[in-house]
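Here is the structure we will look at, set down as structure tokens.
The values are calculated or read from the model by the stated rules, or taken from the named source; none is laboratory data. These numbers were taken from a predicted model, which means no experiment stands behind them. As a convention, Cβ positions derive from the backbone with ideal geometry for all residues, glycine included, and neighbour counts pool all protein chains shown.
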Amino acid sequence: MRIKKTYSYALSSAVYLTLLAVVISSISYFMISKNLGFGSIIISIIALFIISFFIIQYRAEHFIYRRLRKIYQEVSILNVNDLKRESATTDIDKLSKSMQKFVEGKRLEIKSLTERDSFRRDFLGNVAHELKTPLFTVQGYILTLLEGAVNDKEIRMKYLNRANKGVERLVAVIKDLDMIAKLENEGTNLDIEVFNILELIQNVFDLFEMKAKKRNISLKFDKVYEFPVFVKGDIEKIEQVLINLVVNSIKYGNPNGTTYVGVESYSDKKFIIKVTDNGEGIKKEHISRLFERFYRVDQSRSREQGGSGLGLSIVKHIVEAHNENILLKSTFGKGSEFSFTLEKAS
């Protein structure tokens, strides 16, 4: 049967103290036999106490030091050179705090790894789904054509157009995946310059005028601007932000509705650009996750409208690369307002 370390410590200490007591008793007996009086007994008792104290103190420190040294050697965050023999008993508090810090760090690390693993699984599942849907669609139309439908001109053109739409969606997904991978892994290289944000907004309006008309949605400024509004930023990246926000407002805005874009002073050094629609709005439980990759509020409707599901995530990366903020206000049933800040041109 294995003896506990504390038992070994107690046993050896008891042996030392017994031997000491025997020695002191022998000396006391010798002194009494020599008629040295009662004072010799007092001296013997005091000597026994003092020597016992130092033996116990030394043994305790030695025992604790050895146990702490082993812990310091086994725990990677602790440096055994930091452990001093003379302060072994007081280092228990230090060790306790170090271990608490270590355990808390590991707990957060495990939590982070668990979240990453969950995110990775969701991401891979979403990528597979986003690519699989248009790919199977294209494959289905091509197989139908190969089986004989190619001889019917009307069906051939109809299926080729549908297959082409599937390919376009694949291209859009892959393009956005490539962009967000570069944004996350390589960072965003910004070409900062001064430009007129109102002119850029108008260019985006012109670009998507036909798309908006198909849903009978009007693209407008929130007011008449008499003078240019100059900001600092990467004009191409900010155009991508505006494109994604305006396209989203067209996709999810109510037919016969209006998308307003406005620029206001946010602070002494910043403007805020707002994109507002009168669509169906977003429920509160979805708002915190809306900028996640592939996150969709309404899966069925989102697939109908097309897109990669990465637009808002790209927007967030670009805005944050400018050290600016992306904001969202939405009332379910009334509409949404996406906004972001930009530095004023000095």
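Return the total of residues in segment 125-170 being modelled with pLDDT under 80 and under 27 Å from ILE314 (Cβ atoms).
Count: 12.
Could you check how many residues of segment 171-195 are modelled with pLDDT under 80, surrounded by 14 or more Cβ atoms within 10 Å (Cβ to Cβ) and not in a helix (DSSP H, G or I)?
Qualifying residue count for the region: 1.
Pairs only if they're at least six apart or on different chains, beta carbon under 6 angstrom, first in segment 258-277 and farther than 19 Å from GLY333 by Cβ, second small (Gly, Ala, Ser) and part of a strand (DSSP E or B); list them, first residue then second.
Final answer for the pair search is ILE272/SER339; LYS274/GLY262; LYS274/SER339.
Of all the helices (runs of 4 or more DSSP H) wholly in segment 202-292, which have at least 3 residues that are surrounded by 14 or more Cβ atoms within 10 Å (Cβ to Cβ) and not assigned by TED's automatic domain parsing to the domain that holds LEU177?
Values: elements: 209-214, 235-252, 284-287.
Here the list reads 235-252.
Listed here are the residues, each with its yes/no results for (1) of a type in the set (D, E, K, R); (2) out of contact with any helix residue (DSSP H, G or I) (no Cβ under 8 Å at 6 or more places or on another chain); (3) closer than 15 Å to THR341 by Cβ.
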site	(1), (2), (3)
GLU239	yes, no, no
ASN248	no, no, no
TYR252	no, no, no
TYR260	no, yes, no
ASP268	yes, yes, yes
GLU280	yes, no, no
LEU290	no, no, no
